[in-house]
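S.K.: Have a look at the structure that comes next, please.
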Amino acid sequence: MNVEIFVANANHIDFAPSICDLMYESAQARGTGIAKRSPEYVAEKMKAGKAIIALDGDKLVGFSYIESWGHKKFVANSGLIVHPDYRNQGMAKKIKRKIFDLSRKLYPNAKIFSITTGLAVMKMNTELGFKPVPFSELTDDEEFWKGCQGCRNVDILQRNNYKMCLCTGLLFDPNVKNEHAASSFAKKVVKPVIKKKTPNKMYKK
Ligand SMILES: CC(C)(COP(=O)(O)OP(=O)(O)OC[C@H]1O[C@@H](n2cnc3c(N)ncnc32)[C@H](O)[C@@H]1OP(=O)(O)O)[C@@H](O)C(=O)NCCC(=O)NCCS
């Protein structure tokens with residue numbers, strides 16, 4: 001196995017149909033709906049340099065792409081997919097990191113967000129400094145929310161006037177100091193020190 005991860009380009013457009021098939025099959029297996037993507041749409045993302053592709057030789061391993069909303073004030077890293085043969089090996093984490101870095105480079109002032117019910121995405125985004133937020137903090141671009149039409153829970157979203165649903169909103173705001181590094185530091189360094197200084201017997205009678 002020799003997986004390489006690239007910023008996709010026009011040379012990768014032949015992978016677009018397999019990427020869409022993989023997204024569709026995975027959504028079926030999870031029993032969720034997805035925003036519909038056509039091979040042409042995915043190919044456009046590749047040509048525009050707004051996608052990350054992972055390949056093992058000529059075998060498709062994974063993919064994700066960037067979408068911008070609300071006059072480029074918001075960016076979403078969408079369509080994250082890893083081929084079943086390559087899951088649980090840290091591949092999604094690497095692709096997420098790359099698409100996040102690419103988004104920061106192409107849209108340095110945009111807020112990056114996602115909505116998800118998936119634990120894997122929640123974990124990875126949290127590591128990158130995303131915070132959970134209500135939908136009111138996300139884009140109000142109708143085009144983005146139209147993507148929810150294919151989801152089996154869209155009736156819940158509509159009933160709540162697009163203000164809440166089963167997904168959690170996750171937001172990275174470039175204008176807010178990323179406290180995640182500080183909280184990791186607190187976890188690794190401060191907590192053990194506090195623990196050492198407050199032995200359990202202090203609380204015993
Ligand atoms: C979700 C998906 C992208 C994960 O890919 P992967 O390469 O197996 O993920 P990784 O090995 O990089 O794991 C990243 C983290 O997510 C966790 N994770 C991975 N799959 C998980 C799952 N099914 N349930 C819960 N956590 C999961 C891993 O434990 C890891 O967390 P850690 O850093 O705390 O150990 C892959 O299963 C997939 O393509 N699924 C179908 C499409 C999908 O659900 N996309 C997300 C759309 S919102």
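S.K.: Net charge near A51, counting Lys/Arg +1 and Asp/Glu -1 over other residues with Cβ under 12 Å of its Cβ?
M.R.: Taking every Cβ under 12 Å from that of A51, the sum is +3.
S.K.: Using 0.36 nm per residue of separation minus the Cα-Cα distance, give me the extension gain between N153 and K105 in nm, one decimal.
M.R.: Gain on stretching N153 to K105: 13.9 nm.
S.K.: So for the pair E25, D56, with labels modelled 7 Å out along Cα→Cβ, what separation do we get in nm?
M.R.: 1.4
S.K.: Would you mind pulling out the separation of the Cα centroids of segment 80-139 and segment 1-68, in Å?
M.R.: First find each Cα centre; the distance between them is then 15 Å.
S.K.: Evaluate 2.2 N^0.38 Å with N set to the residue count of segment 3-179, then give the Cα radius of gyration divided by it.
M.R.: Rg over 2.2 N^0.38 Å, computed on Cα atoms: 0.98.
Coordinate-derived values only; no laboratory data. Just so you know, these numbers come straight off a predicted model, no measurement behind them. Here Cβ is always computed from backbone atoms with ideal geometry, including for glycine, and neighbour counts include all displayed protein chains.
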